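Asks: Supplied in structure tokens, the structure appears directly below.
What follows draws every value from the coordinates through simple rules; no lab data is involved. Predicted, not measured: the structure shown is a model, and the values here were computed from it. All Cβ positions, glycine included, derive from the backbone under ideal geometry; neighbour counts span all protein chains shown.
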Amino acid sequence: MIFEIRDVRTTLPRVGIPAWLWFLVAVVAIVAGVALLISDRSQRTSNNRERRRWAALRGWQFAEADRVLPTRWERGVLAQYGATTAVDVVAGSTFTADGRRQVYVLDLEAGGKNVAVLVGIRCRRTAPATIELWLPDVPVPQDSGLDLLGPVGSRYAFVTEVAAARPLVTEDLVDATEEIGQDVTVVWLENDWVLAAMHPADADPARLERLLRDLGDLADLVDPFDSDPNTTKDPNSTEDDAEEQVEEPSEHLQ
């Protein structure tokens, strides 16, 4: 029996993608991008109107944008991003249990996207150390130059000077911080400010009102009005002068 071995070659058929299909994919991608841009812009416009109305109801000032204001702080959520712009800025003053304090509420914009809503209340005195209180599941910048102080309630404290910060972390401060809520990623003391940051989607006016009240309680705790904040106080200054200084809004919004 003779077997004949033949050269059998199998050739796979070429599978080509028609040009019209590539064109269709490109069109769909463009339409999706435009729709997303329109949606973001619509949301941004809606938030702008809502923030503007809220500021008007409170008798506070409103500005579309401010590039200088975010440079006032460098800790907390500011350390997570590079250059930022403040948009939908509200500036005014609010009453706490101890008295009137200056207030800022603003969206932080980085890379054309709103990355956080920042709320700040000004104290009369400068904190002896920066204290950042982060939720445990939020990554802290590794090059922040801060030391881990330890757990503070459900948060972790990172500070610039452990010895100076430790006396500030009292049971009352822990309780006040716990009241702020788990939707606020970070609360921090920097210079003469008490600040907090949260996701823009959660920051409707009602939530911002509650956050301002809680931050006001924290400000009263670290900066009580019944003690003199300035041991080298100008003898020619008066309590009225001090109160007017607290009420004065940002010069960039005037």
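Asks: Net charge near W188: determine it from the other residues with C-beta under 15 Å of the C-beta of W188, scoring Lys and Arg +1 and Asp and Glu -1.
Replies: Every neighbour counted, the sum reads -4.
Asks: Take A56 and S144, extend 7 Å from each Cα along the Cα→Cβ direction, and tell me the distance between the two endpoints in nm.
Replies: 3.9
Asks: Another one. How many nm is it between the label spots at V162 and N191, if each spot is 7 Å from the Cα in line with the beta carbon?
Replies: So the two model labels end up 2.8 nm from each other.
Asks: Can you compute the modelled spin-label distance between Y81 and E209, with each label point 7 Å from Cα toward Cβ, in nm?
Replies: It is 2.7 nm.
Asks: Placing +1 at every Lys and Arg Cβ and -1 at every Asp and Glu Cβ, with all other atoms neutral, what dipole size does region 58-163 have around its Cα centre, in debye to the nearest 20?
Replies: Using Cβ point charges on Lys, Arg, Asp and Glu, region 58-163 gives about 480 debye.
Asks: In nm, what is the difference between 0.36 nm times the number of residues separating L135 and Q182 and their Cα-Cα distance?
Replies: Going from the current span to full extension adds 16.2 nm.
Asks: Sorted by packing (mean other beta-carbon atoms within 10 Å per residue), highest first, where do 119-128, 85-94, 162-171 land?
Replies: 85-94, 119-128, 162-171
Asks: Apply 1/(1 + (r/R0)^6) to the Cβ-Cβ distance of V174 and R49, taking R0 = 35 Å, and write down the FRET efficiency to the nearest 0.05.
Replies: With R0 = 35 Å, the Cβ-Cβ based efficiency is 0.40.
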